[in-house]
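The values are calculated or read from the model by the stated rules, or taken from the named source; none is laboratory data. Just so it is clear, the model here is predicted, and its values are computed rather than measured. In this analysis, Cβ positions are derived from the backbone assuming ideal geometry, glycine residues included, and neighbour counts consider all displayed protein chains. Quick note on the areas: whole protein, heavy atoms, side chains included, nothing else; ligands and nucleic acids left out. Shrake-Rupley method; radii C 1.70, N 1.55, O 1.52, S 1.80 Å.
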Amino acid sequence: MKELDDIVTAYEQVKNSCQTAALATVVKVKGSTYRRPGARMLMTSDGKMVGSISGGCLENDVFEQAKLVMTSFEPILLKYDPEVTEDIIWGLGLGCNGAVYVLIERLDGQIKFISECLNNRKLGVLATVFCVEGDVPVKVGNHLMFQDKVVESEIADSIITQAIITDAQVAIKNRKSKVRTYQLSTGSAEVLIEVIKPPTPLLIFGAGQDAIPVVSFAKELGWDVTVVDHRPAYVTQERFPIADNLVLSSAEAAHQHVSLDDRTVALIMTHNYFHDRELVKMLLPSAVRYIGILGPKSRTKELLEDLLAQEIVYSEEQLNRVYAPVGIDIGADTPVEIALSIVAEIQAVLAHRSGGFLRDRIGSIHQNVDETVETFRRNVST
């Protein structure tokens, strides 16, 4: 997420300078690769590179190819495939065995669209045509942008456009990107249908010293961080200079100042039993997707039993969103280590992972999680 923010910031700087620039996007992969579809790198004519599309083995070659795009403004698709015996592949020392397809194009409406998704905190879908075969009224580099049922398209063919819109609606509902191949009677077009996700909203209830490293780690991931506390001396810009929002509020009134939608993750670390109980009472019936509670398991059990005594009953589904004690088991002891454990757990939950060791994982580390690796073929011929 932070990488997209950095690219958008660099794009704004390019617009205000005399530099020309190009954008490289990983649009398709096969096998084991360092980055997944949607990874981007912005390059300027003076050699600046923001973002990455590999672990470092492809960037320099992609930049050399980007120079051509900066002058011709014609998009090109690069295929880095170890199974293809081309000198360019063997000279790059690829760190992974998989194939990577990279589209290089000029900066255009796609960056503006991404910027709007991030700034407006709204989901959107960016569809990018990266490969065309046969006689199809579609061009490499054409885009379709979809947000709030509003469609902006550069694709001339109405049949493919409608098929992409249908798939975009499914992608935004599932929040999962995919690669699609649309087959016409005269040819085909491959399209990356990418869900652009706004920053994850993180609510931190409690502005103690141990909240500071949590904010720091979360901002490194590009999350939108709000710190809530009832103590004026604690909720200050000096203590939390990089937090996005600071809210001075009691636990009882917090719901009036924050959004509790299904994209939000919440962390309770007030170190006050009664405040925590009020916050649990507020958060459990809400739509937030994660509720982390600092403190031992027995304390959280007591909180829930107190609420039950008030005849407040929660469903199994609601309770499954509670993570207490909060964090993954890394032997954390110091505030910084605990913050790392907490943010790592939230990231695992967002990615539908267990947080275990990758060496113990059976199959690909991306398997059944990042579905952008899947390629689907759809016949849209009339």
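Descriptive notes on the structure:
- Taking the numbered list (1) more than 20 Å from the chain's Cα centre (by Cα); (2) modelled with pLDDT under 95 in turn, residue 355 passes all entries but (1).
- Among the conditions (1) open to solvent by 60 Å² or more (accessible area, probe 1.4 Å); (2) part of a loop (DSSP other than H, G, I, E, B); (3) touching a helix residue (DSSP H, G or I) at 6+ places or on another chain (Cβ under 9 Å), the only one that residue 240 does not satisfy is (1).
- Exclusive hit being touching a helix residue (DSSP H, G or I) at 6+ places or on another chain (Cβ under 8 Å), open to solvent by less than 40 Å² (accessible area, probe 1.4 Å), over 19 Å from residue 322 (Cα atoms) and at pLDDT 95 or above, set 191, 280: 191
- Residue satisfying condition, being open to solvent by 70 Å² or more (accessible area, probe 1.4 Å) and in contact (Cβ under 8 Å) with a residue 24 or more places away in the chain, within set 336, 313: 336
- In the range 151-175, residue surrounded by the most Cβ atoms within 10 Å (Cβ to Cβ) [restricted to those that are modelled with pLDDT of 90 or more and not in a helix (DSSP H, G or I)]: 155
- Selected residue [closer than 30 Å to residue 141 by Cβ, surrounded by 17 or more Cβ atoms within 10 Å (Cβ to Cβ) and among the β-branched types (Val, Ile, Thr)] from 196, 212, 268, 204: 196
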